[in-house]
Every structure is written in C-alpha cells, then in structure tokens.
Amino acid sequence: MVRGPSLVPGATVAGGRYRLLNAHGGSGLLRFWHAFDTVSEHDVALTIVGPAQSSHASSDPAQHDRVGGRGEAEGPQAVLRRTLRLDRIESPGVATVLDVVLDRSSGIVVAEWTAGRSLAEVAATGPCPVGAARAVVALAGAADAADRLDAALALDHPDRIRISTSGNAVLAFPGISAGATHQSDVQGLGAILYALVAGRWPLPAPVRTPAADGQAAGMPQASRGPAGAVVAAHLLRAGVPFELSAVIDRALQPAGGHCTAAAVRAVLKQTTAEDQQTDLAAAILDPHASPMSTTDQRRSGAEGRATRFALALRSRRLFLARITLSSAAVLTLAYVTTQVMSLSGGG
C-alpha cells in the first residue's frame with residue numbers, strides 16, 4: 001500500500017517496481033514524483049492518488065454526471081478510470097500514460113517523464129509573451145480534444161505542468177480528480193499563460209494542496225483588484241499583445257468566461273503566427289537564460305536571417321570562384337597537352 005510516510009526519495013512503490021527520485025509537489029490529494037522504472041530502466045512520472053479522495057469529491061450533481069455518476073467520483077479507482085481516457089489523446093501537450101496501478105486504497109498513474117523544467121522555473125526567467133503563447137498551443141489543443149471526448153485534463157495547479165525541452169507546456173503528471181471539467185481546463189490554460197507572462201499563479205489551490213501561504217509551486221499568488229479579479233497581465237508586464245491579454249482575462253473568468261479551449265488555441269496560434277522564431281527552448285536548455293523581449297526576439301530573428309543570407313551569398317561566390325578556377329585549369333591542361341602532342345608528332 002502507498003502511504004504518506006513511505007513517500008521519500010529512495011523508497012519503492014508498486015511492489016518495488018518504481019524507485020522514487022524527487023518529489024514535485026502535488027494537487028489536492030495527488031502527489032507528483034519523478035521516479036525510475038526498475039524493469040524498463042527508464043525515468044517515469046508518478047501521480048500517486050491518496051486514499052481519501054471520496055471525502056473531497058464535488059457535491060455538485062452535474063459534476064458527478066459528467067464523470068459518470070456519483071460512484072465513479074469516489075476513491076482512487078475513479079481517478080484512474082478517468083485518467084485512462086487520456087490514452088485516446090495523442091498530443092505533445094500531454095505526457096503519455098503508460099500504466100495505472102490500484103493498490104488497495106491508493107492508486108498510481110505512471111506516465112512518460114517530461115524532460116525540461118517546471119512551470120515555475122521557466123516563469124521565473126520571464127519568457128517573452130509570444131514564446132509563452134507558443135508553448136501553450138499544444139496543451140490547448142489537448143484540452144479541446146479532451147472536451148470532444150467528454151473528458152478533462154485537470155489543469156488545476158502549476159505542479160502538474162512542465163515545459164519540455166522542445167518548448168511545449170505539458171501535463172506532466174496526469175491524474176483526473178473529481179470535479180475537473182472542460183471549463184476548469186480553460187481556466188487552467190489562462191492560469192498557465194498568466195504564470196508565464198506575469199510570474200504569478202492566479203487560481204486558488206485545490207483543497208489539501210501542500211503549499212506555503214501565498215505561494216503556489218514557489219510562485220506568488222496573483223494580486224486582485226477591488227472587484228476580486230486578478231490584475232490584468234498587460235498591467236504587470238509590458239509588451240503583452242492585446243489579443244493574448246484579452247484571452248487570458250476571458251479564460252480566467254468563472255466557468256472559463258464561457259470560452260472554449262479551441263478558441264484559446266486559435267488566438268494563441270494567431271498571436272504567434274507573425275514570429276516563428278520565438279519559443280521557450282532556450283529558457284529550458286539554459287538554466288541561466290535571461291528574459292528577452294518580443295522586440296529583441298524579432299531583432300535577433302532578423303539579424304539571424306541576415307547572417308544566414310550573407311553566409312549563403314558568400315558560399316555561392318566561393319562555389320562560383322571554384323568552378324571558374326577549375327574550368328581555367330582544365331582549359332590550360334588541354335592547351336598544354338595539345339602543344340606537347342603536336343611537337344612530338346602525335347595525333
């Protein structure tokens with residue numbers, strides 16, 4: 001049985017198959033771990049489901065209907081059953097679920113390990129807003145796919161999200177707890193975008209989530225105005241495109257502002273269409289990466305294109321010069337050969 005006190009680095013779970021390496025926080029009664037699969041000898045991500053899930057299931061009948069009835073909304077088995085629906089979603093925005101393990105009153109979701117950095121670590125580098133938008137495109141697409149399957153991703157806490165080495169925001173620790181809906185996923189998309197561009201987390205943490213006061217995964221909670229809404233991202237960070245700020249504000253509204261993940265994805269793709277050179281890969285691969293503004297990114301992209309053009313032009317000139325020299329050498333050799341043969345009386 002998986003129990004809280006045994007969850008320490010070096011301990012094993014699931015009959016000794018998975019050795020715990022590092023804790024990565026948690027959400028509600030779920031705990032996230034980087035672990036090592038002793039059979040396949042690969043790193044994996046473990047979402048360990050606590051045994052008291054039923055005591056915090058949603059009291060809204062509509063939520064129970066969405067996940068398949070009140071019985072399914074209770075216990076780790078329900079979490080595992082809902083999480084298995086994600087195997088029908090193929091997206092770089094969701095870590096592939098490899099296995100689920102039910103161990104009496106606890107459960108484990110085993111997923112591929114997402115190499116990269118945590119959402120909080122990348123947010124601390126101050127990535128450019130366009131790069132942040134690009135990072136969330138795939139995740140928004142996955143949320144849209146989940147909605148069409150009458151499922152949800154449960155984007156309720158920054159600990160769930162990692163930024164991969166390819167620059168994508170990934171649901172790295174799948175585990176669909178009771179109460180997760182498509183509209184809460186839309187709010188989660190807005191929160192992830194807000195965290196990347198403003199460095200703050202705008203949603204309240206789920207019940208029983210381990211965290212310091214006023215912190216979420218090491219990020220400060222977002223400040224709120226007199227009306228209770230979080231301060232708009234463009235007021236905290238210069239250079240946030242208008243359409244990006246608008247979709248963040250809309251998504252963060254209660255019930256996702258009646259917005260869809262498909263609409264969020266469309267706006268993000270439009271926002272990033274102008275600059276194909278902007279992404280978060282540098283911030284992930286270089287832990288000391290400094291923030292770069294959108295203008296700097298575009299200037300850097302323009303300078304890069306100019307440099308590549310100059311190198312291509314130089315290469316072309318060198319190639320033509322080599323062809324000219326080679327042709328001259330061939331002609332000279334032919335002339336000399338002809339003269340020698342004529343002097344020796346050859347044909």
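Every number here is computed from the coordinates shown, using simple stated rules; none is lab data. This structure is a prediction, so every number in the text was calculated from the model and none was measured. In this analysis, Cβ positions are derived from the backbone assuming ideal geometry, glycine residues included, and neighbour counts consider all displayed protein chains.
Which order do the peptides 122-130, 221-229 come out in when sorted by mean C-beta neighbours inside 10 angstrom, highest first? Intermediate values should be presented prior to the final figure.
Working: 122-130: 23.9, 221-229: 11.2.
Final packing ranking: 122-130, 221-229.
Along the charge dipole of the range 170-257, Cβ charges K/R +1 and D/E -1, which of Gly199, Ala255, Phe173 sits furthest on the positive end?
Farthest along the dipole direction, towards plus: Gly199.
Suppose R0 equals 35 Å. What FRET efficiency, 1/(1 + (r/R0)^6) with r the Cβ-Cβ distance, do Ala124 and Gln77 give to the nearest 0.05?
Once the sixth-power term is evaluated, E becomes 0.40.
Based on the mean of other Cβ atoms within 10 Å per residue, sort peptides 106-113, 234-241, 40-47 so the most packed one is first.
Taking the mean over residues of other Cβ atoms within 10 Å, the ranking is 106-113, 40-47, 234-241.
What do the square roots of 5 times the Cα gyration tensor eigenvalues come to for the range 68-180, in whole Å, largest first, as semi-axes of the equivalent ellipsoid?
26, 15, 12
State the percent of C-alpha pairs, over all pairs in the range 132-186, separated by a distance greater than 14 angstrom. Could you put the intermediate results ahead of the total?
Working: 760 of 1485 pairs.
So the portion of pairs separated by more than 14 Å is 51 percent.
Percent of alpha carbon pairs in the range 93-239 separated by more than 24 Å?
Every Cα pair in the range 93-239 considered, those over 24 Å come to 31 percent.
Enumerate the residues in the range 140-154 having an amide nitrogen under 17 Å from the point lying 7 Å beyond the Cα of Lys269 toward its Cβ.
Label zone hits: 140-148.
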